[in-house]
1. Would you be able to tell me the number of residues in the range 66-94 that are small (Gly, Ala, Ser), in a strand (DSSP E or B) and either touching an Asp or Glu at 6+ places or on another chain (Cβ under 9 Å) or under 17 Å from HIS16 (Cβ atoms) (or both)?
2. So which of VAL83, VAL68 is without any contact (Cβ under 8 Å) to a residue 60 or more places away in the chain and among the β-branched types (Val, Ile, Thr)?
3. List every residue pair whose Cβ atoms sit under 7 Å apart, with the two residues 6 or more apart in sequence or on different chains, where the first one lies in the range 31-58 and is touching a residue at least 24 places away in the same chain (Cβ under 8 Å) and closer than 12 Å to TRP72 by Cβ and the second, anywhere, is among the β-branched types (Val, Ile, Thr) and part of a helix (DSSP H, G or I).
4. Applying the selection to the range 34-57, what residues are touching a strand residue (DSSP E or B) at 6+ places or on another chain (Cβ under 8 Å) and either part of a loop (DSSP other than H, G, I, E, B) or loosely packed, with under 15 Cβ neighbours inside 10 Å (or both)?
5. Does the range 3-11 include one or more residues that are free of Cβ contacts under 8 Å to residues at least 40 places away in the same chain, assigned to a strand (DSSP E or B) and surrounded by 13 or more Cβ atoms within 10 Å (Cβ to Cβ)?
6. Evaluate the range 17-33: report whether one residue or more is part of a loop (DSSP other than H, G, I, E, B), at positive phi and either surrounded by 15 or more Cβ atoms within 10 Å (Cβ to Cβ) or of a type in the set (S, T, N, Q) (or both).
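The values are calculated or read from the model by the stated rules, or taken from the named source; none is laboratory data. Note that the structure is predicted; figures quoted are calculated from it, not measured. A quick note on method: Cβ atoms are made from the backbone with ideal geometry, for glycine too, and the neighbour counts reach across all protein chains shown.
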Amino acid sequence: MNQIDNWNHIQDMINHWLKVPENGYLGSSYGYKDTLAVLLENIPNDQVIQKIILKMREDLPILEGKQVSLNWIANSRQISITVDGNTAIFQLDS
């Protein structure tokens, strides 16, 4: 898989993760939709950013060993996620 295909695959995985409520699959804590929606109502801070990244890494093993950062504007329902220098903006479902 080349770098562009890999980034597209990662974007698809993140997009799916953003749409799944916590514990959205029986027997799994996968997902973060509801908690994330609440967190994104506030201005980003390092503690919250690290909490989100930690959960992403737990649920998306493909992120292991990759540089991950994120940012958002409070109440925008959008989050910008960067993985190894590749950035995408994701829209949260209502």
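1. Narrowing the range 66-94 to residues small (Gly, Ala, Ser): 69, 74, 76, 80, 85, 88, 94.
Right, trim to in a strand (DSSP E or B) and you get 69, 80, 88.
Next, from what is left, pick out any that are either touching an Asp or Glu at 6+ places or on another chain (Cβ under 9 Å) or under 17 Å from HIS16 (Cβ atoms) (or both): 88.
Final tally of qualifying residues: 1.
2. Numbers: VAL83 fails: without any contact (Cβ under 8 Å) to a residue 60 or more places away in the chain.
It is VAL68.
3. LEU36/ILE52
4. First pass over the range 34-57, keeping only residues touching a strand residue (DSSP E or B) at 6+ places or on another chain (Cβ under 8 Å): 36, 40, 44, 49, 52-53, 56-57.
LEU40, PRO44, listed by residue number.
5. Keep residues of the range 3-11 that are free of Cβ contacts under 8 Å to residues at least 40 places away in the same chain, which gives 3-6, 8.
Checking which are assigned to a strand (DSSP E or B) leaves us with none.
The answer is no, given that none of the residues of the range 3-11 is free of Cβ contacts under 8 Å to residues at least 40 places away in the same chain, assigned to a strand (DSSP E or B) and surrounded by 13 or more Cβ atoms within 10 Å (Cβ to Cβ).
6. Of the residues in the range 17-33, the ones part of a loop (DSSP other than H, G, I, E, B) are 20-24, 26-27, 29-32.
Okay, now just the ones that are also at positive phi, so 23, 27, 31.
Checking the rest, the ones that are also either surrounded by 15 or more Cβ atoms within 10 Å (Cβ to Cβ) or of a type in the set (S, T, N, Q) (or both) come to 23, 31.
Taking every residue of the range 17-33 in turn, at least one turns out to be part of a loop (DSSP other than H, G, I, E, B), at positive phi and either surrounded by 15 or more Cβ atoms within 10 Å (Cβ to Cβ) or of a type in the set (S, T, N, Q) (or both).
Every residue, every condition in (1) surrounded by 12 or more Cβ atoms within 10 Å (Cβ to Cβ); (2) farther than 14 Å from LEU39 by Cα; (3) at pLDDT 95 or above, yes or no:
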residue: ASP59; (1), (2), (3): yes, yes, yes
residue: LEU63; (1), (2), (3): yes, yes, yes
residue: VAL68; (1), (2), (3): yes, yes, yes
residue: ASN71; (1), (2), (3): yes, no, yes
residue: ALA74; (1), (2), (3): no, no, no
residue: ILE79; (1), (2), (3): yes, no, yes
residue: VAL83; (1), (2), (3): yes, yes, yes
residue: THR87; (1), (2), (3): yes, yes, yes
residue: PHE90; (1), (2), (3): yes, yes, yes
